[in-house]
Amino acid sequence: MPDPRLSQALREAYAAAPADTVILHTLEIWHPTFTEPIRAVRDHADLTARLEAGAARDGGQRVTFIALTFDLDLPPVDTAPVPEIAVTLDNVGRELSDALEAAAISQDRIEVIYRPFLSTDLEGPHMDPPITLTLAEVEADTLRVTGRARMLDAGNKSFPSITYTAQRFPGLAR
């Protein structure tokens, strides 16, 4: 089943595989402890491209993605309850591994945003909206960072999302 979020140009690039067009896979990794997001492109050279206007950080602006070897399998377009993928970043520097390791032990979520760009059109990602995942089970060493990323698990969210505590609702305490 085709993914309706993909642009027509990206669908054509996947189908025809023209020699002059390269699909550039990018990741943006964000955690509240970061001063700026970590942006990576799976390519041999850095990439400067424009983000979508609705992006949470630097929306509509041109940003730089650093060239980094990473591997991910995109989640399938099916009815799986919670799609999950493995993300592996190879040859990471000490700064990146330290930042991700510190983020992994905090209570806040690590957000990963996947955006595909076409080498012939860097005026915005060719998936709207981009895939946003939550990174969990992160392991980092001097050469590699690995983790499991999953989409929002709506089935396991509490409803209503209010936690009733005696501190917030004093009438509950006797």
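The values are calculated or read from the model by the stated rules, or taken from the named source; none is laboratory data. Remember, predicted model here, so these are calculated numbers, not experimental data. No Cβ is skipped: glycine too gets one built from the backbone with ideal geometry, and neighbour counts run over all protein chains shown.
One residue alone among THR48, THR21, THR35, THR64 is touching a helix residue (DSSP H, G or I) at 6+ places or on another chain (Cβ under 6 Å), farther than 16 Å from PRO130 by Cβ and surrounded by fewer than 18 Cβ atoms within 10 Å (Cβ to Cβ), and that residue is THR21. If you filter region 122-137 down to residues that are assigned to a strand (DSSP E or B) and of a type outside the set (A, V, I, L, M), you find that the one that is farthest from ASP108 (Cα to Cα) is THR132. Give the residue that is modelled with the lowest pLDDT, with candidates limited to residues of region 138-174 that are surrounded by 10 or more Cβ atoms within 10 Å (Cβ to Cβ), assigned to a loop (DSSP other than H, G, I, E, B) and of a type in the set (D, E, K, R). Among residues in region 138-174 that are surrounded by 10 or more Cβ atoms within 10 Å (Cβ to Cβ), assigned to a loop (DSSP other than H, G, I, E, B) and of a type in the set (D, E, K, R), the one modelled with the lowest pLDDT is ASP153.
Considering (1) part of a loop (DSSP other than H, G, I, E, B); (2) at pLDDT below 90, the lone condition that GLU52 does not fulfil carries the number (2). Among the residues of region 51-61, the one identified as aliphatic (A, V, I, L, M), surrounded by fewer than 14 Cβ atoms within 10 Å (Cβ to Cβ) and under 20 Å from THR134 (Cβ atoms) is ALA56. Do we have LEU27 as over 13 Å from the mean Cα position of the chain (by Cα), modelled with pLDDT of 80 or more and surrounded by 13 or more Cβ atoms within 10 Å (Cβ to Cβ) here? Answer is no for this residue. Scanning region 95-138 for residues that are within 13 Å of ILE38 (Cα to Cα) and either among the polar types (S, T, N, Q) or in contact with a helix residue (DSSP H, G or I) (Cβ under 7 Å, 6 or more places away or on another chain) (or both) yields SER97, ILE110. Among the residues of region 7-43, those identified as under 28 Å from ALA104 (Cβ atoms), part of a loop (DSSP other than H, G, I, E, B) and without any contact (Cβ under 8 Å) to a residue 40 or more places away in the chain are THR35, GLU36, PRO37, ARG42, ASP43. Whenever a residue of region 46-67 is more than 16 Å from THR35 (Cα to Cα), its partners that are surrounded by fewer than 17 Cβ atoms within 10 Å (Cβ to Cβ) and β-branched (Val, Ile, Thr), lying with C-beta atoms within less than 9 angstrom and at least six residues away or across chains, give the pairs ASP46/THR64; ASP46/ILE66; LEU47/THR64; LEU47/ILE66; THR48/THR64; ALA49/THR64; ARG62/THR48.
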